[in-house]
Amino acid sequence: MTRILLNSRLDDCLGAWRSAGFTVLAPVKRSDLTRFDEVQGASEMSLDIVMPERTIKEHFFLQTEPLIRYEIKKQQIETEEMVPPERKRIFFGVRPCDAAGLDIDDPLFGWDYKDDYWFRRREKSVIVTIACTSADDFCMCTSVGLAPDSPKGSDVMLHPLLDGRGWLVVPHTDRGKALLEPVSSILLEEAAEPAPVPAVPVKFDVNNVMAWLAEPANFESQLWKEVSQRCIGCGSCTYLCPTCHCFDIQDEGDTYSGIRRKNWDSCSFAMFTMHTSGHNPRNTQSTRWRQRIMHKFNYYRGKFGVNSCSGCGRCTRQCPVDMGITETLHEISNLPR
Amino acid sequence: MGIQEQYRKEAAELLSSGEVKLVIGYGEGSTAERRRPVFVRSAEYVSRLVLDGSCVANLSSYLVPEGLLSDGKKVAVFLKPDGIRSINILAAESQLDPEQVVILGFDIEGGQAAPLPGRKASDFTALIGSLKSAGLSPELQKDADRLEQMSASERFGYWKEQFSKCIKCYACRQVCPMCYCRRCIVDVNQPQWINTSSHTLGNFEWNIIRAFHLAGRCVSCGGCDRSCPVNIPLRLINHRMAKEALDTFGHYAGESAEQQPVLATFRQEDPETFIL
Ligand code: SF4
Ligand code: SF4
């Protein structure tokens, strides 16, 4: 027998979770922007959209994160580590691509040392994903080996029911199973049919792409210049990406006291690789765009065995000049060979 | 012949005669409604050029970076009146030689692209003059009025909320033809003048500094507003600054290549109401 959550019981469910000490975050539209934010009730949520404009990444890897407070005194330097608070959080209504993004980034934040800022937030958060029932022209999860209902990164997956009454509830991890305990009396036990997932066309052959990128001669290919000619070098694709994770460390304050922060940074920016000497090894936009693609589909895989892309398509959807990963990978995968 | 065919033909002539080395125009995008910048270097590829009512981007921003014009050769660009005004400003600020820019001018009327006669920025002076007399956009003014009617603290709250969304992706800057600084003040780090952090203060610093640097220079092409991935209504800031420049100093940005930058000139009759 399968378990079902009815739309009409969602508020009861959220209430039970909140009584169990959870903060609930869901996609909401506020000030003309959809993003994950704290909600009190189901009516605040925007669940009928393809995906929010911003990803849940920003709740684990903050756009600006205070790391330490420092004060330089006469005889000593005082520092205070600013550890993120432990908060039990539920991310409700995550899309499978955004959930997968967190899973893709876990090894990065844990390979040489464990990044507390990421993992303290990760460990206390439960990801409740809703399988997609609609997609748009930019969705490309199927091109990177995922699907509108892949459970990668999800603790619980909700599959919308065909009759629109609610969701089929499927836990995928122990954390997910534990989350269902306080709401077990709210869920129904009955058979039900989930709505079909949308057909998301495959836009490139990722194996072709990976093979081409791994070929050293292609590092200097003319293709990089051609595909990036119109790139204006802003950071919107990297900042809206569920897996991009580059950051910069900045001290804010004066010589004697201040805060050290970890801020989002982007390989699209000319400043990203600028040396103190003034020399810049990536001194044109094409070399910077090449880096982004290589990192995602060559280097990251080499190190962590997975591509750093979950197919959300935001890079193209929100690009001011209609570029994005999809087009470049399509070009690469269609090269004559 | 429709405007698209006509301009493709002109682009082909400009390229095959060697008058220009490059045509910057619009091409098909990743969806039916989208247009994207395309760069055509040979007459055989002019069929990639598209010109219709969806061609809204101000392409003049591609002329300045990476030394495109430093060889003295000419480049042709598809430009609406806002883009032509940007050429005038770039020329007035010594960023380019307007003689190197061949303008394929058009405007969008009733959702359709219509040709504008002229080839050089100076051919459009009368047109820009008439736009100045027609005044700033009444639709924008309606939104702006809504803000003006707020109390100062309400208005501050409004912008605080809007700026708190900013992720400092700098799309607004990168897309803007007037933001050509080799090293933007926010990227200067010796010393670090501006917080790079994207917290409320850092976001205020960024957005307000940009507004001031664009005062009397912004041509209201809307590029920054369309590009902002978090939907901050940047048009309202730009509109407010443009209105101030027009009402106070009679300055309409980009009237001609000789126009003096409003914040860099002083006239005896300038109002000085703000000096106590
Ligand atoms: S500030 Fe915005 S509207 Fe003004 S010229 Fe720059 S991109 Fe265009
Ligand atoms: S485009 Fe928008 S989000 Fe990006 S820096 Fe400009 S105002 Fe901020």
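So here's what we get for this one:
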read-out: Probe 1.4 Å, accessible area per residue of the stretch A:6-50, Å²; value: 45 Å²
read-out: Residue-count net charge about B:M1 - beta-carbon cut-off 13 Å; Lys, Arg +1, Asp, Glu -1; value: 0
read-out: Net charge dipole size for the stretch A:222-337 [Lys, Arg +1 and Asp, Glu -1 on Cβ; Debye, nearest 20]; value: 400 debye
read-out: Within-12-Å neighbourhood charge of A:G233 [Cβ basis; K, R +1; D, E -1]; value: +3
read-out: Inter-chain shielding of B:190-201 (mean C-beta neighbours from other protein chains, 10 Å cut-off); value: 4
read-out: Helix-derived mean residue ellipticity, 222 nm - over chain B, DSSP H n ≥ 4, -39500 (n - 2.57), to 500; value: -11000 deg cm²/dmol
read-out: A:D155 accessible area, assembled protein chains, probe 1.4 Å, Å²; value: 10 Å²
read-out: Peptides B:191-202, B:50-61 ordered by average Cβ neighbours within 10 Å, highest first; value: B:50-61, B:191-202
read-out: Three-way shape call for chain B based on the alpha-carbon gyration tensor, with the a/c threshold at 1.5; value: prolate
read-out: No Cys partner within the rule (Cβ under 4.7 Å), chain B; value: B:C55, B:C166, B:C169, B:C181, B:C184, B:C218, B:C221, B:C228
read-out: Under 12 Å from B:K73, Cα to Cα: aspartates and glutamates that are on another chain or at least 8 residues apart; value: B:E19, B:D97, B:E99
read-out: Among A:W17, A:L5, A:I72 the positive-end extreme of the charge dipole of the stretch A:1-81 (Cβ point charges); value: A:L5
read-out: Summed side-chain charge close to B:Y170 - residues other than B:Y170 whose Cβ falls under 10 Å, Lys, Arg +1, Asp, Glu -1; value: +2
read-out: Contact surface B-A: accessible area buried, both sides summed, square angstrom, 1.4 angstrom probe; value: 3000 Å²
read-out: Accessible area (Å², 1.4 Å probe, nearest 10) - B:E109; value: 110 Å²
read-out: Neighbouring partner chain Cβ atoms per residue of A:312-319, average, 10 Å criterion; value: 3
read-out: Given charges at beta-carbon only (K, R positive; D, E negative), |dipole| of the stretch B:30-78 in Debye; value: 40 debye
read-out: Counting DSSP beta bridges with both ends in chain A, the antiparallel % (nearest 5); value: 75 percent
read-out: Accessible-area ranking of A:W118, A:W212, largest first, probe 1.4 Å; value: A:W212, A:W118
read-out: Global geometry of the stretch B:138-264, whether rounded, prolate or oblate, following the gyration tensor of its Cα atoms and the 1.5 cut on a/c; value: oblate
read-out: Cα gyration tensor category, rounded, prolate or oblate, for chain A with a/c compared to 1.5; value: oblate
read-out: Euclidean distance of C-alpha centroids, the stretch B:74-146 and the stretch A:272-309, integer Å; value: 38 Å
read-out: By accessible area with a 1.4 Å probe, ligands and nucleic acids excluded, highest first: order of A:V197, A:V94; value: A:V197, A:V94
read-out: Fraction of accessible area attributable to carbon and sulfur, the stretch B:138-264 (%, probe 1.4 Å); value: 55 percent
read-out: For A:228-239, mean number of other protein chain Cβ atoms within 10 Å; value: 6
read-out: Accessible surface of A:R35 - all protein chains present, 1.4 Å probe, nearest 10 Å²; value: 60 Å²
read-out: Apportionment of accessible area to carbon and sulfur, chain A, percent (1.4 Å); value: 50 percent
read-out: Residues in the stretch B:155-186 that, when all protein chains are in place, have 50 Å² or more less accessible area than the chain alone would give (probe 1.4 Å); value: B:K165, B:I167, B:C169, B:Q174
read-out: Total charge dipole magnitude, the stretch B:3-134, about the Cα centre, Cβ charges on Lys, Arg, Asp, Glu only, Debye to nearest 20; value: 100 debye
read-out: Over the stretch A:20-179, relative contact order from alpha-carbon pairs under 8 Å, at least 6 apart, %; value: 19 percent
read-out: GNM flexibility winner over chain A from A:L158, A:L67, A:L168 (Cα, springs under 10 Å); value: A:L67
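The values are calculated or read from the model by the stated rules, or taken from the named source; none is laboratory data. Please read all numbers here as calculations on a predicted model, not as lab measurements. FYI the Cβ positions are ideal-geometry reconstructions off the backbone, even for glycines, and counts take in every protein chain you see. These area figures cover heavy atoms from the full protein model, side chains too; ligands, DNA and RNA do not enter into them. Shrake-Rupley method; radii C 1.70, N 1.55, O 1.52, S 1.80 Å.
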